[in-house]
1. Would you call Leu96 surrounded by 15 or more Cβ atoms within 10 Å (Cβ to Cβ) and either modelled with pLDDT of 90 or more or in contact with a Ser or Thr (Cβ under 9 Å, 6 or more places away or on another chain) (or both)?
2. For the subset of segment 63-84 comprising residues that are of a type in the set (Asp, Glu) and not in a strand (DSSP E or B), which member is surrounded by the most Cβ atoms within 10 Å (Cβ to Cβ)?
3. Does Gln87 qualify as being assigned to a helix (DSSP H, G or I) and surrounded by fewer than 16 Cβ atoms within 10 Å (Cβ to Cβ)?
4. Could you please give the count of residues in segment 29-60 that are out of contact with any strand residue (DSSP E or B) (no Cβ under 7 Å at 6 or more places or on another chain), modelled with pLDDT of 95 or more and either among the basic types (Lys, Arg) or in a loop (DSSP other than H, G, I, E, B) (or both)?
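The values are calculated or read from the model by the stated rules, or taken from the named source; none is laboratory data. The structure presented is a predicted model; accordingly, all values stated were derived computationally and were not measured. FYI the Cβ positions are ideal-geometry reconstructions off the backbone, even for glycines, and counts take in every protein chain you see.
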Amino acid sequence: MNQASIKTNILTQKETIAYPQLPLAVYREVSAHLQQIEGVKTVLIPQSSRQFDYAQSQIEAIQIEYSVDLSSQEKQYLESILEYYGQKYGKYQRQLDLNR
């Protein structure tokens, strides 16, 4: 079998993280920091509310996707990034995405 025809199936984990008081620019900063971890991908989820509110972020949440084989050091780095922003901007909500 040709090496080029072999596909690898990497199992990934998806989570949705929401910081209710986080502004758009800071969501982008969180995303940039998380993407510094090898194998971590992020997607910013736009606000779904139909009513405009200056106090509400333009982003509803950030979805993170990473390999289930992430090293313990990389997992710790991911957790420390999330906790840093949680301490600075308030508690965040975390939900495991079971629909992969």
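1. Details: surrounded by 15 or more Cβ atoms within 10 Å (Cβ to Cβ): no; either modelled with pLDDT of 90 or more or in contact with a Ser or Thr (Cβ under 9 Å, 6 or more places away or on another chain) (or both): yes.
No; evaluated as a whole, the condition is false for this residue.
2. Only one residue tops the list, namely Glu74.
3. Details: assigned to a helix (DSSP H, G or I): yes; surrounded by fewer than 16 Cβ atoms within 10 Å (Cβ to Cβ): yes.
Spelling it out, Gln87 is indeed assigned to a helix (DSSP H, G or I) and surrounded by fewer than 16 Cβ atoms within 10 Å (Cβ to Cβ).
4. Residues meeting the conditions: 2.
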